[in-house]
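Below is one structure; the comments refer to it alone.
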Amino acid sequence: MQVDREQVLRMAKLSRLEITEAEIDKMAGALSQLVTYVDQLKGLDLKDVEPMLAVDTSARALRPDDIVPSLTKEEAFRNAPEVNLDHFSIPKVIG
C-alpha cells in the first residue's frame with residue numbers, strides 16, 4: 001500500500017502538525033516504506049514462536065524508598081493556568 005499526499009495531509013491535520021510542501025512528499029515515501037515493512041512482518045509464520053515479555057529479563061536494581069522533600073501545593077500550582085479545589089484545571093480535550 002502506498003501512502004499518498006492526501007493521506008499525509010489528513011494525518012498532519014489530525015495530529016495538528018504543520019508540514020511544508022517538501023516534507024509532504026518525504027513523509028509519504030517514509031510512511032509507504034513503513035507500511036511495506038509492516039506488511040512483510042504480517043507475512044511471517046510465527047505460530048511456533050513464544051511471545052516475549054521483554055528483551056532483557058534480568059533483575060533491576062531498585063532505588064531506596066526514602067522520603068525526600070517535595071513541592072508544596074503553592075509551588076506546584078504556581079504556573080498552573082487554573083486551579084480548582086486543589087487540582088490542576090485544564091481545558092477539555094475530547095468532545
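The values are calculated or read from the model by the stated rules, or taken from the named source; none is laboratory data. These numbers come from a predicted model, not from an experiment. We place every Cβ from the backbone using ideal geometry, glycine too, and count neighbours over all the protein chains shown.
Which of (1) in contact with a helix residue (DSSP H, G or I) (Cβ under 8 Å, 6 or more places away or on another chain); (2) assigned to a helix (DSSP H, G or I) is the odd one out, the single condition Gly29 does not satisfy?
Exception for Gly29: condition (1).
Give me the pairs: first residue in the range 10-29 and on the phi < 0 side of the Ramachandran plot and among the hydrophobic types (A, V, I, L, M, F, W, C), second residue surrounded by fewer than 10 Cβ atoms within 10 Å (Cβ to Cβ) and at pLDDT 90 or above, beta-carbon distance under 9 Å, and six or more apart or on different chains, which are they?
Ala12/Glu18
Exactly one of these conditions fails for Glu6: (1) in a loop (DSSP other than H, G, I, E, B); (2) under 30 Å from Val93 (Cα atoms); (3) free of Cβ contacts under 8 Å to residues at least 24 places away in the same chain; (4) not basic (Lys, Arg). Give me its number.
For Glu6, the exception is condition (1).
Looking at the range 62-85, is at least one residue hydrophobic (A, V, I, L, M, F, W, C), out of contact with any Leu (no Cβ under 9 Å at 6 or more places or on another chain) and on the phi > 0 side of the Ramachandran plot?
Within the range 62-85 (the criterion being hydrophobic (A, V, I, L, M, F, W, C), out of contact with any Leu (no Cβ under 9 Å at 6 or more places or on another chain) and on the phi > 0 side of the Ramachandran plot), the answer is yes, since at least one residue qualifies.
Given the conditions (1) outside any helix (DSSP H, G or I); (2) surrounded by 11 or more Cβ atoms within 10 Å (Cβ to Cβ); (3) not basic (Lys, Arg), which single one is not true for Ala59?
All conditions are met except number (2).
Give all pairs with beta carbons closer than 9 Å in which a residue from the range 36-65 that is basic (Lys, Arg) meets a residue that is loosely packed, with under 10 Cβ neighbours inside 10 Å; count only pairs at least 6 apart in sequence or on separate chains.
From residues that are basic (Lys, Arg), there are no pairs.
Has the range 88-95 got at least one residue that is at pLDDT 90 or above, of a type in the set (Val, Ile, Thr) and surrounded by 10 or more Cβ atoms within 10 Å (Cβ to Cβ)?
No: zero hits.
Within the range 18-56, which residues are surrounded by 10 or more Cβ atoms within 10 Å (Cβ to Cβ) and either of a type in the set (Asp, Glu) or touching an Asp or Glu at 6+ places or on another chain (Cβ under 9 Å) (or both)?
Listed by number, the residues that qualify are Glu23, Asp25, Ala28, Ser32, Asp39.
Evaluate the following for Arg63: is it over 30 Å from Val93 (Cβ atoms) and charged (D, E, K, R)?
yes
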